[in-house]
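**Student:** Okay, here's the structure, questions in a sec.
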Amino acid sequence: MEFAEFAERAGEIEELSADTDIIEAVTDLLASANDDLEVLARFVQGRVFPAWDSTTLDIGPNLCYTAIAHAAGQNVSADDVEDRLAELGDIGAVAASYDFGGQQGLAAFGAGPEKLTVAEVADELETLAHTEGAGSQDTKIDILFGLLNRTSSKEARYLARLVLSEMRIGVGEGAVRDAIADAFDVPVKATERALQVSNDYGRVARVARDSGESGLDELQLEVGRPVQAMLAQAGTVTDALDDWVNVGVEWKFDGARVQIHYDGDEVRVFSRNMEEVTDALPEIVEYTHENLEAPAIVDGEIVAMDDGEPLPFQEVLRRFRRKHDVARAREEVAVELRAFDCLHADNKDLLTAPLTERHDRLQSILSGGVSALTVTDDADEIAAIEANALDAGHEGIMLKNPESTYSPGRRGKNWLKRKPDVETLDLVVTGAEWGEGRRASFLGTFLLSPREENGEFETLGKVATGITDEELAELTELLEPHIATQDGQIVDISPEIVFEVGYEEIQQSPTYSAGYALRFPRFLGVRDDKSPADADSLERVERLAESQ
Ligand code: AMP
């Protein structure tokens with residue numbers, strides 16, 4: 001296909017606004033693409049390379065302005081181009097505003113250079129991307145100049161946008177997926193799955209056209225080609241316990257996401273954006289060689305540890321970006337792997353296996369560095385895991401549906417990052433219960449009350465979670481002298497001590513005399529500096545409940 005035709009069609013698509021019209025236009029484009037199908041499926045989204053490929057053109061705006069200025073003629077400088085960009089706000093409009101000679105000049109009469117084709121643009125951009133070393137900037141400018149020099153105004157518009165990854169014609173990934181399905185009569189679902197595993201719109205379009213649905217179904221993950229990471233939503237323990245039979249709980253490590261691919265020979269590490277970061281993380285490469293059974297693709301977090309405590313994730317990101325002096329960077333900040341998922345092991349894809357099975361698999365192929373996954377329906381156990389994670393200096397916890405499959409690129413409801421408590425409450429301890437078994441000599445569950453104007457204390461909930469054994473002993477010592485009455489395990493406590501308590505939600509509830517209850521309350525500490533008169537009032541609790 002001539003590049004002029006692509007530009008024409010891109011121009012038409014840009015004029016459309018309804019999704020269905022856009023999908024129809026992309027369908028037509030793909031259906032008529034012939035040998036250029038793979039390239040067009042990418043170009044129409046403003047992509048030059050497949051998503052799994054870390055190759056970039058590595059052209060900054062300045063380099064692009066310089067090439068445009070060269071093509072525009074002697075009187076135009078890169079600064080002029082930049083000024084015009086400030087005025088027009090779109091590099092495509094800027095490129096289109098100059099007369100580069102293309103088909104308006106000699107070429108229009110068949111005497112000039114050959115007409116530019118889509119394949120040629122793709123080849124030249126590939127050459128440009130692989131130009132390295134001394135003088136490479138000039139070579140890149142020359143290549144781009146050579147292309148621009150042959151463009152009409154319309155071609156220039158879309159070439160400039162393509163080069164700067166700013167296509168902006170309204171074609172998203174979903175539109176290309178639907179267009180592939182429509183153009184080659186394959187199910188959207190099969191197309192979607194093929195895209196997830198291959199991360200390559202061009203290839204999926206070609207396979208759909210040449211081998212249909214069965215061809216798409218045969219596409220599998222490939223070790224060495226990253227796929228999009230599964231993502232998490234913010235959520236609460238209450239949501240997780242309500243929606244799932246059991247909850248998979250893990251620490252939420254404070255670091256940076258990686259996907260590790262190991263084919264038995266070469267280890268490759270990719271960041272959350274699928275950029276290759278292998279060279280920046282030699283200790284992870286060594287660790288993988290020594291501890292992971294190949295072939296495998298594992299998902300996890302890289303953390304920077306200092307004396308058993310994680311360093312802020314910015315330190316980890318600095319390691320990711322490091323290109324020079326990696327050995328020195330490694331001495332300054334050493335990083336470690338915390339793997340939490342397994343996408344592929346022993347030549348089998350595991351995306352559709354439940355989380356628990358993937359995690360078991362992960363444990364069987366990676367010795368050490370695997371996150372602990374606890375499957376439970378007990379809020380206290382979840383709170384204890386969270387307290388440990390926070391104590392260890394990590395961010396909190398992830399809640400995962402143990403039955404869920406791995407959905408690349410999805411911010412679904414199957415992975416929840418527990419929202420931090422927004423506001424805490426300072427509440428008076430007005431009762432408690434003696435523990436059982438090993439904890440029989442400790443007060444365990446504490447009844448909490450907000451302050452009331454008349455000096456009465458209505459109850460709002462009990463807290464039993466987030467308290468270590470050591471803290472239980474201390475709290476018992478602190479509260480025992482204030483026990484007013486006792487009935488079996490239940491004790492009334494005179495209002496003297498104030499606890500700071502976290503919670504997920506305040507609900508109206510008949511269970512406690514205040515008419516409200518705290519959901520997932522957790523002990524955060526004793527407010528030594530507060531007396532019951534300084535505790536939070538029932539009025540504040542009511543206000544918080546209303547503002548949720
Ligand atoms: P956020 O970046 O706030 O959307 O939180 C999700 C991120 O938490 C993931 O992309 C991971 O990088 C990170 N993370 C840390 N620990 C875990 C874990 N155990 N499971 C999944 N993601 C985790």
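The values are calculated or read from the model by the stated rules, or taken from the named source; none is laboratory data. From a predicted model like this one, the values you see are computed outputs, not experimental measurements. Glycine gets a Cβ as well: all are built from the backbone with ideal geometry, and neighbour counts include every protein chain shown.
**Student:** Quick check: anything in the stretch 210-219 within 16 Å of the ligand (Cβ to nearest atom), in contact (Cβ under 8 Å) with a residue 12 or more places away in the chain, more than 26 Å from LEU57 (Cβ to Cβ) and touching a Ser or Thr at 6+ places or on another chain (Cβ under 6 Å)?
**Tutor:** no
**Student:** Related question: Could you list, in sequence order, the residues of the stretch 52-73 that are small (Gly, Ala, Ser), over 19 Å from GLY133 (Cβ atoms) and assigned to a loop (DSSP other than H, G, I, E, B)?
**Tutor:** Selection gives GLY73 alone.
**Student:** Provide a single number: the residues in the stretch 155-166 that are at pLDDT below 95 and touching a helix residue (DSSP H, G or I) at 6+ places or on another chain (Cβ under 9 Å).
**Tutor:** 2
**Student:** Here's another thing I want to ask about it. One residue is enough: does the stretch 241-253 have a residue meeting the conditions at pLDDT below 95, among the charged types (D, E, K, R) and crowded, with 17+ Cβ neighbours inside 10 Å?
**Tutor:** Within the stretch 241-253, none of the residues are at pLDDT below 95, among the charged types (D, E, K, R) and crowded, with 17+ Cβ neighbours inside 10 Å.
**Student:** Given the criterion among the aliphatic types (A, V, I, L, M), within 15 Å of the ligand (Cβ to nearest atom) and surrounded by 23 or more Cβ atoms within 10 Å (Cβ to Cβ), identify the matching residue among LEU317, LEU343, LEU311.
**Tutor:** LEU343 is the lone residue from the list that is among the aliphatic types (A, V, I, L, M), within 15 Å of the ligand (Cβ to nearest atom) and surrounded by 23 or more Cβ atoms within 10 Å (Cβ to Cβ).
**Student:** Give the number of residues within the stretch 82-128 that are outside any helix (DSSP H, G or I) and modelled with pLDDT under 85.
**Tutor:** Adding up the residues that qualify gives 10.
**Student:** Let me ask something additional. Kindly state which strands (runs of 3 or more DSSP E) lie completely within the stretch 357-460 and contain at least 3 residues that are of a type in the set (Lys, Arg).
**Tutor:** 411-418
**Student:** Restricted to the stretch 226-248, and to residues that are touching a helix residue (DSSP H, G or I) at 6+ places or on another chain (Cβ under 8 Å) and assigned to a loop (DSSP other than H, G, I, E, B), which residue is farthest from the ligand (Cβ to nearest atom)?
**Tutor:** Looking at residues that are touching a helix residue (DSSP H, G or I) at 6+ places or on another chain (Cβ under 8 Å) and assigned to a loop (DSSP other than H, G, I, E, B), I get VAL227.
**Student:** So which of GLU155, GLU192 is outside the structural domain of GLY409 (by TED's automatic domain parsing), part of a helix (DSSP H, G or I), surrounded by 24 or more Cβ atoms within 10 Å (Cβ to Cβ) and not β-branched (Val, Ile, Thr)?
**Tutor:** Answer to the selection: GLU155.
**Student:** Another question about this same structure. Restrict the check to the stretch 255-268 and report whether at least one residue is among the polar types (S, T, N, Q) and under 23 Å from ASP360 (Cα atoms).
**Tutor:** yes
**Student:** Quick check, is HIS359 modelled with pLDDT of 95 or more, surrounded by 15 or more Cβ atoms within 10 Å (Cβ to Cβ) and within 14 Å of the ligand (Cβ to nearest atom)?
**Tutor:** Criteria met by HIS359.
**Student:** Let me ask you something else. Could you count how many residues in the stretch 378-422 are farther than 20 Å from THR468 by Cα and more than 14 Å from the ligand (Cβ to nearest atom)?
**Tutor:** 3
**Student:** Is it the case that the stretch 328-349 has a residue that's assigned to a helix (DSSP H, G or I) and under 20 Å from ARG268 (Cα atoms)?
**Tutor:** Yes, the stretch 328-349 contains at least one residue that is assigned to a helix (DSSP H, G or I) and under 20 Å from ARG268 (Cα atoms).
**Student:** Being hydroxyl-bearing (Ser, Thr, Tyr) and within 20 Å of GLU471 (Cβ to Cβ) is the filter here; which residues of the stretch 493-541 pass it?
**Tutor:** TYR503
**Student:** What do you reckon, is GLU275 surrounded by fewer than 17 Cβ atoms within 10 Å (Cβ to Cβ), within 17 Å of GLU222 (Cα to Cα) and modelled with pLDDT under 95?
**Tutor:** Here the answer is yes, as GLU275 does meet what is asked.
**Student:** Could you please tell me which pairs satisfy a Cβ distance under 9 Å, a separation of 6+ or placement on different chains, a first residue in the stretch 224-236 that is over 17 Å from LEU355 (Cβ atoms) and at pLDDT below 95, and a second residue that is assigned to a strand (DSSP E or B) and more than 14 Å from the ligand (Cβ to nearest atom)?
**Tutor:** Close Cβ pairs (under 9 Å, with a partner that is assigned to a strand (DSSP E or B) and more than 14 Å from the ligand (Cβ to nearest atom)) amount to THR236/GLU505; THR236/ARG519.
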